[in-house]
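Enquirer: This is the structure I want to talk about, given as structure tokens.
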Amino acid sequence: MWIRGQKRVKGREDITDEMPELSEIDDAEWCDWDEEEQSQGQVQIRCLFCERLFSSAEDTFSHCRVEHQFDITQIIYKHRLDCYGFIKLVNFIRITNPSAESFKAILDQIPWDNEEYMKPPSTDDPLLQFDVDEFWEDMEEQACSSEQVDVESQAQAAQLQRLQGAEKRAEEAEAAFERIMEDFEKMRQYVQDFVINADARTGTSTTNTIADLQEDEDSVYFSSYGHYGIHEEMLKDKVRTESYRDFMYCNPHIFKDKVILDVGCGTGILSMFAAKAGAKHVIGVDQSEIIYQAMDIVRENDLDGVVTLIRGRIEDVELPVAKVDVIISEWMGYFLLFESMLDSVIHARDKYLTEGGAVYPDICTISLIAVGDRKKHDERVAFWEDVYGFKMSCMKKAVIPEAVVEVLNPDTLISEPCIIKAIDCNTVGISDLDFISEFSLKITEDHECVAISGHFDISFEKNCSNKVMFSTDPGSTQTHWKQTVFLLEQPVSVRKGDILQGKISCCKNRKDPRSLIITISINNMKQTYSLQ
């Protein structure tokens, strides 16, 4: 226990003269207090949480335990309170009037650890004379009589368990590294065979090779999320991370005593948010190597009793429970659907979500907006018409089909946004994620449309008393998703008030389902883009 910067490790012998001085309560006040109590004869102790009166501290504590589910012995033992800590606790309750329920959520930082709570609101509170030392002596006697393992033995057992866990994680990491190297060599050989022998293969064998390449693409995808830089970028994205945090902390009724599944848990940040929000059990699943760091992070924050982490694809693992109450996941990619992780969330929803449960975030939309940045078009497209005096116009055919992910200047936007796809994660099916949509962009100024940009909005709404949303549109705070820009080969002249109409189709790439094929048609012009 910490007392004014000094740690009490074991027993009460370490309490030194550095205890806080009780200058604010002089000797006269304490003497008057004792004399007043003796003159009254019968002690009257008011309950900590209601107006009931009792004749002894024991009766008061028993009432608190039965009627308010507040066990003072558990609080003293949990926070290692000495007499000063107990006095502060009683004064804190008398002054602030907290609910008994609120003490269950207190972990490390105790709110009454402040010198202001050494001065009681009333000097005639008999509870302040309760001898906490007797409590600790009783606890020690009970420990001896029941032959309980002492604190030192428990610490040794915990240390041994941590060492065994570290050895196991080291072995798993070594085995994982060997698998990565094997997968890399396997993929290299597949690519070599496919390129060199493609002309000699039959349609059936070529199809099988593509299927094998898709499987290896999954390995590459999950391996990429084993790199710490990706997770650092996502964690530092405050719009993303704080939106999830605010949703959970501001809607604790959704998580209290519930079983939560975190699909693609990464470093475990969402799992820990859920645990802090009151979840009974949180299960995080991730296929990448980062899961081993997440296990250490969860232990470091003393949440391993609530959070369980499992390595593997959600489609392949078996959870320790049959059903979960809530699914959370940060599955969004560029243009919302890139990487196809929503497919995994839908699989988890259909297999594990209990009836009446919910997936979060639940409402997502994709929008388009017109871009009028002629300088950008010249740099990316017109550039190839004269490269140091040479024509390289053929390069346009290679450059334009590549969708660009970047941050747009809001001043270059020349239309109102138009929603082209709305997704409810509680009802959407995998087949719904390939779509075709018509769009109409209302032009806001005379200009040339040189590109169409896509962004998405995310909402946490179902059963929420405090709804939370965020946007990746160019006018909002920048996120790591940025915007997805589709350059037009030829700019389109537009005037304020015009309606620029078109059609967009979006589907998974058959050869690489984690990438997207997007086709946009405007004014009899049609261009297909890849996002990979």
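Enquirer: What are the extents of the Cα atoms of region 463-532 along their three principal axes, listed from largest to smallest and rounded to whole Å?
Expert: Answer, in whole Å and largest first: 47, 41, 24 Å.
Enquirer: While we're here: Determine how many Å³ per residue the convex hull of the Cα atoms of region 363-531 encloses. All intermediate terms of the calculation are to be shown ahead of the outcome.
Expert: Working: hull volume 23.2 nm³, N = 169.
Considering the Cα atoms of region 363-531, their hull volume per residue is 137 Å³.
Enquirer: Run the quick spin-label model on Tyr249 and Asp386: label points 7 Å from Cα toward the beta carbon, then report their separation in nm to one decimal.
Expert: Result: 5.7 nm between the two label points.
Enquirer: Normalised by the number of residues in region 363-531, what is the relative contact order in percent for Cα pairs under 8 Å and 6+ residues apart?
Expert: Relative contact order comes out at 29 percent.
Enquirer: Please give the length that would be gained between Ile310 and Ala57 if that part of the chain were fully extended, namely 0.36 nm times their separation in residues minus their C-alpha to C-alpha distance (nm, one decimal). Show your work: numbers first, answer last.
Expert: Working: separation 253, 0.36 × 253 = 91.08 nm, distance 4.76 nm.
Additional length available on full extension: 86.3 nm.
Enquirer: While we're on this one: Please find the FRET efficiency linking Arg162 to Ala322, where r is the Cβ-Cβ separation and R0 is fixed at 30 Å, and quote it to the nearest 0.05. Provide the component values of the computation, followed by the final result.
Expert: Values: r = 31 Å, r/R0 = 1.03.
So the FRET efficiency works out to roughly 0.45.
Enquirer: Between Glu445 and Glu233, what is the label-to-label distance in nm when each label sits 7 Å out along the Cα-to-Cβ direction?
Expert: Rounded to a tenth, the inter-label distance reads 3.0 nm.
Enquirer: Now a separate question. Which entries in Lys391/Lys442; Lys351/Lys503; Lys78/Lys119; Lys421/Lys442; Lys258/Lys421 show an alpha-carbon gap greater than 25 Å? Could you put the intermediate results ahead of the total?
Expert: Working: Lys391/Lys442 36 Å; Lys351/Lys503 35 Å; Lys78/Lys119 23 Å; Lys421/Lys442 18 Å; Lys258/Lys421 31 Å.
Checking Cα-Cα distances, Lys391/Lys442; Lys351/Lys503; Lys258/Lys421 exceed 25 Å.
Enquirer: In whole Å, what three semi-axes, largest first, describe the equivalent ellipsoid of region 351-428 built from its Cα gyration tensor (square root of 5 times each eigenvalue)? Could you put the intermediate results ahead of the total?
Expert: Details: eigenvalues 341, 54, 16 Å².
So the three semi-axes of region 351-428 are 41, 16, 9 Å.
Enquirer: Cut-off under 19 Å on the C-alpha distance; same-chain residues fewer than 8 positions from Lys511 excluded. Which lysines are left, in chain and number order?
Expert: Lys186
Read-outs throughout are calculated quantities, based only on the coordinates presented, and are distinct from any laboratory measurement. Every value quoted in this text rests on a predicted model; they were computed, and no experiment measured them. Virtual Cβ from ideal backbone geometry, glycine too; neighbours counted across all protein chains shown.
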